[in-house]
Every structure is written in C-alpha cells, then in structure tokens.
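First the structure, in the form of structure tokens, and then the observations on it.
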Amino acid sequence: MLKRRPFHEFHVAANARLVDFAGWEMPIIYRSINDEHEQTRKSGSLFDVSHMGRLRFSGPDAAKFLDLILTRNIQTQKFGQCRYSLVCNEAGGVIEKIADVLPVDVRSLKRYHFISEELMMTPFTVYRSGYTGEDGVEVVIPARAATMAVKLLTGSLDKPNADIKPAGLGARDTLRLEAGMPLYGHELGEQGDPISAGLGWAVDLTKTFIGSDALKAVAEAGPKRKLVGLELEGRRIGRQGAPVVDEAGKPIGEVTSGTFSPTLQKSIAMAYVDTDKSAVGTALAVDLKGTANAAKVVPLPFYKRS
Amino acid sequence: MSTPSDRRYLESHEWHKLEGGIVTIGISQHAADELTDITYVQLPKVGTKVAAKGRFGEIESVKATSDLYSGVGGEVVEVNEGLNSDPALVNRDPYAAGWMIKIKPTNPDEVNALLAVEDYLKKTGHA
C-alpha cells in the first residue's frame with residue numbers, strides 16, 4: 001500500500017497520473033510535461049513536495065551537532081536564512097541533500113530566507129526557495145490544514161488561463177535539469193562527492209564534519225571526474241548510465257541525467273567526465289546503445305532565469 | 001479517445017492497418033500517453049526489410065525510450081517524414097497523422113493473426 005499525501009484528493013480531481021515514488025503515491029503528470037514545464041517558466045506552478053521529510057533539531061547542542069553532520073558552517077548562518085547543505089559519509093560520499101533553516105520573524109522575505117507565522121491558529125512557514133530555476137516559495141503547513149489551503153488556491157487553478165497550475169514530478173525533473181541542479185540518485189550519491197559535483201560552495205573545509213578529511217583530500221588532489229553539462233547533436237536523449245566517450249571512442253565518463261529540454265529545444269544531459277575532458281567546448285560523444293552521438297561540453301546551468 | 005477496431009495490434013502497443021495490400025503502423029493512444037511528451041521517433045529508411053515481430057525503430061519521450069515493433073514482415077515503402085520536425089504528432093493524433101511506417105507485407109495474412117482491439121485492450125489491462 002502506497003503512502004498517500006494530504007493532497008491526494010486534489011491530485012485526483014486535477015486529473016493527475018499517480019506513480020510510486022519511493023513508497024509515496026506521487027503525481028508525475030497532470031496535463032503534459034512540456035505544458036507544465038512551460039507554465040512554470042512563463043507563469044507559475046504548484047508542486048506537491050509533501051513526501052520530503054522535515055526534521056527539527058533543538059536543545060543546547062543542536063548547533064554543535066548540526067555542525068558535525070552538515071558540510072556548511074551553521075555558526076555563520078543568520079537567523080531567518082535557509083541554505084542548501086549536504087550530509088556526507090566518512091568517505092565524503094553524499095548521503096543526503098538538505099535545506100537547513102534558522103527561524104526568525106520578518107516581513108520582507110528575501111531569496112533563501114523564510115518566515116514562520118500563524119493564520120487562523122494554523123502555524124505555517126514560508127521559504128523563498130525552490131528547485132526549478134525560477135523564483136519560488138515553499139510552504140510548510142500542518143497536514144490537517146492541507147485540504148483547506150489547497151481549496152483556497154484551487155478556486156482559480158483549474159481555469160484555462162490560470163497564473164498557477166499544478167505541475168508533477170515529470171516537469172520538476174526537466175526544470176531542475178535545465179537549471180543544472182543536482183538530484184540525489186542521479187548527480188549525487190554515496191559513490192560521488194560534492195567537490196566533483198561542483199558543490200564546493202556548499203562545503204566548508206575550514207571546519208571538521210563527518211567526511212571532511214576525505215573531502216579535503218579530494219580538494220587538494222583535485223577531483224578525478226567533474227560534473228559537466230552536455231549538449232547532444234540531434235534530438236536523441238542520453239539517459240542515466242549512458243557512457244560518455246572522447247573523440248577516440250575511449251570511455252571517459254557517464255551520463256547522470258538527460259532530457260530533451262523543453263525551453264531550449266535541445267537534447268541536454270549532465271555527466272561525470274574525466275577532469276581533463278571537462279572544459280567547456282570539449283567535443284565528446286554519448287554512446288546511445290552502440291551509436292556514438294556527438295556532444296559538446298557546455299556551461300551549467302543550461303537555463304538561467306532572466 | 002476510443003481505440004479503433006479497424007486495425008490489429010501487438011501487445012507492445014503498435015497498431016497495424018491493412019489497406020490496398022499495404023500495412024500502416026503506428027502506436028496506440030495508451031502507449032503515447034504512457035510515454036508522455038514524445039521528442040524523437042527513429043524510423044527506418046524506405047526499402048528496409050523488416051521481419052515479423054521485428055524491431056523497426058525507436059521512440060523517445062521526455063520520460064523514456066522504447067523500441068518499436070512490426071507485427072508483419074515485409075519491406076518499408078514509406079515513412080512519416082512529418083515526425084522528424086513534429087514528433088508530438090504521435091501524442092496528438094496517434095491513429096491518423098501520427099502514423100509511422102507503411103510496409104508492403106510478404107504475407108498480408110499475418111495482419112489478421114495479430115490482436116483484435118478487444119484482445120489488445122484486455123492484454124494491456126485497458127479493457
């Protein structure tokens with residue numbers, strides 16, 4: 001039996017196709033991935049992210065504890081700020097990507113900040129963040145208030161010209177990929193490390209945390225492989241696991257995610273490749289079931305909000 | 001959209017329509033919906049020989065890649081060039097404008113041995 005989120009009835013009413021996603025019944029698509037993608041880029045979308053865990057740490061040693069497990073220095077984080085951080089194992093492999101937050105009550109909400117308030121005795125927290133490459137807010141409310149909250153929104157959601165429409169996991173993946181944002185199980189995992197993934201900005205090597213010794217070694221020696229953006233010739237898609245080869249046909253890496261970019265109308269992929277083949281402009285190829293499809297290294301992100 | 005009964009199907013979702021000794025092949029609406037937004041259809045060249053139950057191409061969507069099969073053996077006499085520039089035709093109109101190839105079958109009777117619409121729907125869990 002799959003776990004259902006508080007928004008289940010809303011998804012059914014909005015004609016969602018529901019799939020098993022890590023044990024949760026999740027909406028993958030409502031109308032079409034391209035349609036939902038474009039709606040997000042041009043206007044706005046509503047994503048159900050209630051499958052994601054929320055943990056609260058409190059007590060006198062909470063900060064000390066978080067400093068030991070998180071790659072970023074929580075002591076320098078200001079109240080009201082939220083930041084992406086990582087949890088690593090001893091070898092420096094990534095176990096989890098998380099957003100860490102410190103509460104404060106403010107009126108003006110800047111990007112990567114948040115507020116907690118109460119409305120009709122219902123506490124809620126709004127984060128100005130997201131994972132689509134667009135500006136966004138993430139709202140945390142009690143499950144019991146979910147139906148009411150979504151009803152307040154759905155009054156206008158189902159109109160053809162609505163500013164905001166629901167979008168599913170399918171569009172979420174093409175959006176984050178265009179924005180060059182790494183996803184756990186694709187670009188991130190226990191086998192990889194955040195330095196090679198280009199997430200050095202989220203790792204504070206001046207402090208000690210689980211995995212910091214291993215990551216210092218990677219930083220000093222330089223990563224053997226780097227995460228790069230690839231643009232493939234033609235319309236075929238390089239999917240996760242497809243080998244990346246150099247001009248001589250020698251395997252030098254592997255695709256972690258790929259799609260046909262709805263915004264750019266190009267076949268794009270993220271891949272780990274040998275560092276000496278990772279410079280922007282390098283001509284490579286992706287092995288698509290035995291056919292070498294020409295590709296070149298391009299800067300990440302593929303898409304930047306203007 | 002209802003699944004047309006004027007053609008025969010493979011369990012792998014390809015439809016086959018025999019008209020004037022030529023078999024036109026495409027995929028069902030169920031398959032197109034399951035694939036979601038189709039981004040690329042790889043089709044054979046005219047003149048290619050295809051075996052019965054043999055692979056004739058590949059279809060890609062934002063979500064997945066899958067092989068395309070022909071239920072009949074024969075020679076490819078025409079391919080839908082329109083899919084090169086607009087592969088989403090398969091999503092919009094899978095039973096007409098989104099057709100893929102036309103085959104001159106070695107044995108036209110092979111078509112009638114394929115699944116009738118009700119058997120196709122039953123086998124694929126859409127009945």
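The values are calculated or read from the model by the stated rules, or taken from the named source; none is laboratory data. The structure displayed is predicted, hence computed values, not measured ones. Glycine also receives a Cβ, built like all others from the backbone with ideal geometry; neighbour counts cover every protein chain displayed.
Give me the residue from the stretch A:172-213 that is of a type in the set (S, T, N, Q) and either assigned to a helix (DSSP H, G or I) or free of Cβ contacts under 8 Å to residues at least 40 places away in the same chain (or both) and, out of that set, nearest to A:R305 (Cα to Cα).
Checking each candidate, the answer is A:T174.
State whether one or more residues within the stretch B:99-117 are within 20 Å of A:S32 (Cβ to Cβ), touching a residue at least 40 places away in the same chain (Cβ under 8 Å) and in a loop (DSSP other than H, G, I, E, B).
no
Of the residues A:L199, A:L232, which single one is within 14 Å of chain B (Cβ to nearest Cβ) and not β-branched (V, I, T)?
Criteria check complete, one pass: A:L232.
Rundown of residues vs (1) surrounded by 12 or more Cβ atoms within 10 Å (Cβ to Cβ); (2) within 18 Å of A:P160 (Cβ to Cβ); (3) within 14 Å of another protein chain (Cβ to nearest Cβ); (4) over 17 Å from the mean Cα position of the chain (by Cα), yes/no style:
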site: A:P6; (1), (2), (3), (4): yes, no, no, yes
site: A:L18; (1), (2), (3), (4): yes, no, yes, yes
site: A:A22; (1), (2), (3), (4): no, no, no, no
site: A:E25; (1), (2), (3), (4): yes, no, no, yes
site: A:I28; (1), (2), (3), (4): yes, no, yes, no
site: A:N34; (1), (2), (3), (4): yes, yes, yes, yes
site: A:D48; (1), (2), (3), (4): yes, no, no, no
site: A:H51; (1), (2), (3), (4): yes, no, no, no
site: A:S58; (1), (2), (3), (4): no, no, no, yes
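Can you tell me which of (1) more than 14 Å from every other protein chain (Cβ to nearest Cβ); (2) at pLDDT 95 or above; (3) closer than 30 Å to A:Q265 by Cα is the one B:L115 doesn't meet?
Just one mismatch for B:L115, condition (3).
Can you pull out the residues in the stretch A:84-105 that are small (G, A, S) and at pLDDT below 85?
Matches in the stretch A:84-105: A:A99 only.
Residue pairs, Cβ under 6 Å, 6 or more apart or interchain, first in the stretch B:79-93 and of a type in the set (A, V, I, L, M, F, W, C), second buried (at least 18 other Cβ atoms within 10 Å of the Cβ) and not in a helix (DSSP H, G or I). List them.
Within 6 Å, the pairs are B:V79/B:L43; B:V79/B:I101; B:L83/B:V41; B:A88/B:I38; B:L89/B:G98; B:V90/B:I38; B:V90/B:G98.
Restricting the search to the stretch B:84-125, which residues are more than 17 Å from B:F56 (Cα to Cα) and hydroxyl-bearing (S, T, Y)?
Result: B:S85, B:Y95, B:Y120, B:T124.
For A:G253, only one of the following conditions fails: (1) touching a residue at least 40 places away in the same chain (Cβ under 8 Å); (2) touching a Phe, Trp or Tyr at 6+ places or on another chain (Cβ under 9 Å); (3) not polar (S, T, N, Q). What is its number?
(1)
Would you confirm whether any residue within the stretch A:233-252 is of a type in the set (D, E, K, R) and part of a strand (DSSP E or B)?
no
Examine the stretch A:282-294 for a residue that is in a strand (DSSP E or B), within 14 Å of another protein chain (Cβ to nearest Cβ), in contact (Cβ under 8 Å) with a residue 24 or more places away in the chain and in contact with a Leu (Cβ under 8 Å, 6 or more places away or on another chain), and state whether such a residue exists.
yes
Given the criteria under 15 Å from the mean Cα position of the chain (by Cα) and at negative phi, does B:V90 qualify?
Yes: the conditions hold for B:V90.
Go through the residues of the stretch A:207-222 one by one and say whether even a single one is surrounded by fewer than 21 Cβ atoms within 10 Å (Cβ to Cβ) and closer than 29 Å to B:S61 by Cβ.
Looking through the stretch A:207-222, none of the residues is surrounded by fewer than 21 Cβ atoms within 10 Å (Cβ to Cβ) and closer than 29 Å to B:S61 by Cβ.
If you take the residues in the stretch A:125-171 that are part of a helix (DSSP H, G or I) and under 15 Å from the mean Cα position of the chain (by Cα), which one is surrounded by the most Cβ atoms within 10 Å (Cβ to Cβ)?
Only one residue tops the list, namely A:A171.
Restricting to the stretch A:237-271, count the residues that are under 17 Å from the mean Cα position of the chain (by Cα) and more than 14 Å from every other protein chain (Cβ to nearest Cβ).
The number of residues fulfilling the criteria is 3.
Within the stretch A:265-287, which residues are farther than 12 Å from A:L230 by Cα and either exposed (fewer than 13 other Cβ atoms within 10 Å of the Cβ) or at pLDDT below 95 (or both)?
Within the stretch A:265-287, A:Q265, A:D276 meet the criteria.
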